[in-house]
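The structure appears right after this line, and notes come after that.
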Amino acid sequence: MDIIQRNLFRLLRSGAFGTQEQIEPMSAFKWERLYQIAMLHDVIPYAYQGITNCRPQFFMRLTDKQELTWKRANEEITAHQTEEEEDTFLRADTLTNPVLNSQLQNILDDELSDMTTRQVLLQLIRVVRHILNEGMPIRQLLELGLLLHQHGKKVDFDQLRQWIKKLRLTQMCQLEGECLILLFGFHAEDLPFVSDHQSKRTSQIAQELLEFTNTRSHDWYFSQDADSIFVHNSNSSAMFSHVRRSSRYFRYYPSEGLTNFFASFVHSLSHIEE
C-alpha cells in the first residue's frame, strides 16, 4: 500500500471512528491524488472530517486551493447525500443465484428476526456485490464498520452466523472481516463472524481489489448510438478487468460468482436501445 492509500485510510479511520492517526508528509500532487481517490470511492465526508481532526499536525499540509476544494466537495455531497445505490444491479437485497436469493428473501421476510442483525447481513451482502463487480468498496466497507461499531452490541451474532452459512457467505464474510481489521483497525473480537484462522494473503488481496477499482461496473456496459445499428462496448479494458475479477474471486463465493457474472453481462445488454 503506497503512502497515498495509507494516508487516505488514516483520514477515514479518524473521520469515521475518531481514532488518533499520524499523517505522513506528502507533496501537493499526492494530496491531489488522494482527493481524486476519495471522490472516486465516495468517501469525501469521512475523509474531510479526518482532515479536520488531523489539521493541527505538522504534516497535514494542504494548499489554500485544496482546502477550498475539499470544503466545497464536502458541502455539496453532504447536501445531496442519498442512501441509494449507484447502480440498481448492486442492490443488497437480491442475489443473482435463484436458490440463494430465495433463501435470502425468506430471511428478510421473517419479521420475528432481529432488525439490526438483518441490516448487518444486508451490508455484508452489499460489500460482496461490489467486490464481485467493482473491486474494493471502501465506502460500503466503511459503512459496515460503522454499523458494527455503533450497533454491534444489538446484533445476534449466532443468528448472523447461521444466515451466513445458509447463504454460503462464509469465505466472503471472512474476507470482509479481515479487510476491516487490516484497513480500519478493527479487532477480531469486534467481529464474531470472523474465524481465528486469518489469511496471510489478506493484504495482497486488499491491494488487488484497490487496484481493480479503477473502473466501475457501468464502464463496460454495452450501448448503441441513436443514429446507428451497431452495438459497442463503452470500455473494453473495464470489461476484461471485470472478467479477471470474476474469475479470481470465484473461489470465495462460487455459488454466486458464476451467476453474478452472467447476470451482470445481461444487465449490461439492457442499456442497448430497443
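The values are calculated or read from the model by the stated rules, or taken from the named source; none is laboratory data. Note that this is a predicted model, so its numbers are computed, not measured. As a convention, Cβ positions derive from the backbone with ideal geometry for all residues, glycine included, and neighbour counts pool all protein chains shown. Keep in mind that these areas ignore ligands, DNA and RNA; they rest on the heavy atoms of the full protein, side chains included. Shrake-Rupley method; radii C 1.70, N 1.55, O 1.52, S 1.80 Å.
For the residues T117, T170, a 1.4 Å probe over the protein chains yields an accessible-area ranking, largest first, of T170, T117. In the context of the full protein assembly, D64 retains an accessible surface of approximately 130 Å², using a probe radius of 1.4 Å and ignoring ligands and nucleic acids.
Using a probe of 1.4 Å, the accessible surface attributed to F89 totals some 30 Å² when neighbouring protein chains are kept in position.
Annotation: amide H-H contacts under 5 Å for M136 (H modelled 1.01 Å from N, sequence separation of 5 or more, or interchain): L210, F212, T213.
A Förster radius of 30 Å combined with the Cβ-Cβ distance from R161 to I37 puts the calculated FRET efficiency at roughly 0.35. In this calculation the C-beta distance from D109 to K65 is compared with R0 = 51 Å, giving a FRET efficiency of 0.45. Here the range 1-117 exposes an accessible surface that is 51 percent carbon and sulfur, computed with a 1.4 Å probe and the other protein chains kept in place. For the range 6-68, the set of chymotrypsin sites (Phe, Trp or Tyr not before Pro) satisfying both a DSSP loop assignment and a count of at most 16 other C-beta atoms within 10 Å is given as F58, F59. Counting Lys and Arg as +1 and Asp and Glu as -1 over every other residue whose Cβ lies under 11 Å from the Cβ of L121, the net charge comes to +1. Name the lysines eligible as straight-distance cross-link partners of K153: C-alpha to C-alpha under 27 Å, and not fewer than 8 places from it in the same chain. The reachable lysines, counting only those whose Cα sits under 27 Å from K153, are K165, K166.
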